[in-house]
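Peer 1: Mind looking over this structure? Questions follow.
The values are calculated or read from the model by the stated rules, or taken from the named source; none is laboratory data. Here the structure is a predicted model, which is why all the values come from computation and not from measurement. Heads up, the Cβs are rebuilt from the backbone with ideal geometry, glycines too, and the neighbour counts pull from every protein chain shown. Surface accessibility is based on the protein's heavy atoms, side chains included, excluding ligands, DNA and RNA. Shrake-Rupley method; radii C 1.70, N 1.55, O 1.52, S 1.80 Å.
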Amino acid sequence: MFAHDVVVLPAVLKLYPSTVSLDCRFQAFSPLNFPFGLRRGSRNQKSYRLKAGFWESIRSGILKNNTAQVIEPPSTDEEEEELLPEEFVLAERTKPDGTVEQIMFSSGGDVDVYDLQALCDKVGWPRRPLSKLAAALRNSYIVATLHSISIPAGQEGNGQKKLIGMARATSDHAFNATIWDVVVDPSYQGQGLGKALIEKLIRALLQRDIGNISLFADSQVVEFYRNLGFEPDPEGIKGMFWYPKH
Ligand SMILES: CC(C)(COP(=O)(O)OP(=O)(O)OC[C@H]1O[C@@H](n2cnc3c(N)ncnc32)[C@H](O)[C@@H]1OP(=O)(O)O)[C@@H](O)C(=O)NCCC(=O)NCCS
């Protein structure tokens with residue numbers, strides 16, 4: 001959800017009920033719809049197992065100081081989790097003119113606020129004051145970005161860098177995180193990048209032991225998030241909003 005948007009369906013990552021498996025394998029890039037070759041990130045295969053319920057932990061666990069939610073350690077060396085680097089090349093392709101285009105994922109928060117505004121413009125989001133946008137970025141727990149980097153044929157080193165995707169998470173740094181402002185440049189949509197972005201963001205949160213992950217989905221993207229494991233209104237519980245009356 002766009003942070004200042006209208007109502008929406010709350011969704012939480014499906015950690016409820018009892019023990020479920022969140023499969024964070026990188027599956028987004030089917031060769032059918034994604035013209036890039038896989039790079040690092042595809043190797044990161046691990047099923048996180050999460051115990052106890054989100055609402056259970058909210059209602060009783062936290063109050064009783066019972067941190068019931070557990071991320072089990074890998075059971076074998078083979079399943080050893082490879083820590084997600086802060087920045088890595090997610091995918092790469094070579095264009096007919098020899099230009100190499102890389103898609104760089106970063107969870108380091110390196111995003112230019114003007115570039116972000118331009119990206120938000122492309123998907124038709126209403127403009128927000130730049131100072132507030134900058135503050136929101138600064139105060140987010142994780143800001144995940146996708147950049148396209150174009151390296152002309154025969155040239156090494158830094159290529160032209162363009163912001164093509166962003167999602168950010170706010171958090172209490174202990175139990176909970178909420179994902180906001182998920183956006184992919186329209187010319188890069190439908191290629192698995194939005195899914196990869198959210199999967200990597202979830203993974204970065206799980207690595208920091210944050211297991212209660214929620215978001216607010218615009219009605220047209222509920223299925224997008226459901227496919228990623230988010231469940232609307234678990235147990236019928238509704239997100240509620242308060243707005244100024246004037
Ligand atoms: C929503 C958005 C981030 C999705 O990014 P994307 O890169 O196009 O999505 P992907 O290509 O990774 O899609 C992954 C899967 O979700 C599906 N999907 C994508 N958008 C969907 C939608 N709006 N509704 C249902 N399914 C959707 C794809 O078909 C694909 O399915 P598959 O895995 O079975 O092939 C992108 O469309 C966007 O930026 N939209 C505008 C901003 C917006 O609405 N953000 C969300 C605010 S809550």
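Peer 1: Can Gly211 be described as open to solvent by 10 Å² or more (accessible area, probe 1.4 Å), away from the ligand (no atom under 15 Å from the Cβ) and out of contact with any helix residue (DSSP H, G or I) (no Cβ under 6 Å at 6 or more places or on another chain)?
Peer 2: no
Peer 1: From the residues in segment 124-140 that are surrounded by 13 or more Cβ atoms within 10 Å (Cβ to Cβ) and among the hydrophobic types (A, V, I, L, M, F, W, C), which one is nearest to Gln191 (Cα to Cα)?
Peer 2: This residue is Trp125.
Residue by residue, here is whether (1) of a type in the set (Ser, Thr, Tyr); (2) away from the ligand (no atom under 14 Å from the Cβ) holds:
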{"site": "Pro126", "(1), (2)": "no, no"}
{"site": "Ala134", "(1), (2)": "no, yes"}
{"site": "Ser150", "(1), (2)": "yes, yes"}
{"site": "Trp180", "(1), (2)": "no, no"}
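Peer 1: Tell me which residues, restricted to segment 146-190, are aliphatic (A, V, I, L, M) and surrounded by fewer than 18 Cβ atoms within 10 Å (Cβ to Cβ).
Peer 2: Those that are aliphatic (A, V, I, L, M) and surrounded by fewer than 18 Cβ atoms within 10 Å (Cβ to Cβ): Ile149, Ala153, Ala174.
Peer 1: For Phe105, are the conditions met, namely being within 15 Å of the ligand (Cβ to nearest atom), in contact with a Lys or Arg (Cβ under 9 Å, 6 or more places away or on another chain) and open to solvent by less than 30 Å² (accessible area, probe 1.4 Å)?
Peer 2: So Phe105 passes the test.
Peer 1: Another question, if that's okay. Is there any pair with a first residue in segment 115-137 that is assigned to a helix (DSSP H, G or I) and a second that is away from the ligand (no atom under 16 Å from the Cβ) and open to solvent by less than 40 Å² (accessible area, probe 1.4 Å) whose Cβ atoms are under 8 Å apart and which are 6 or more apart or on different chains, and what are they?
Peer 2: Leu116/Leu137; Leu130/Val113; Leu133/Val113; Ala134/Val113; Leu137/Gly109; Leu137/Val113
Peer 1: If you take the residues in segment 218-235 that are among the acidic types (Asp, Glu) and either open to solvent by 70 Å² or more (accessible area, probe 1.4 Å) or in contact with a Pro (Cβ under 6 Å, 6 or more places away or on another chain) (or both), which one is farthest from the ligand (Cβ to nearest atom)?
Peer 2: Glu235
Peer 1: A follow-up question, please. Take the conditions among the aliphatic types (A, V, I, L, M), within 12 Å of the ligand (Cβ to nearest atom) and open to solvent by less than 40 Å² (accessible area, probe 1.4 Å) and apply them to Val143. Does it pass?
Peer 2: For Val143, the condition - among the aliphatic types (A, V, I, L, M), within 12 Å of the ligand (Cβ to nearest atom) and open to solvent by less than 40 Å² (accessible area, probe 1.4 Å) - is not met.
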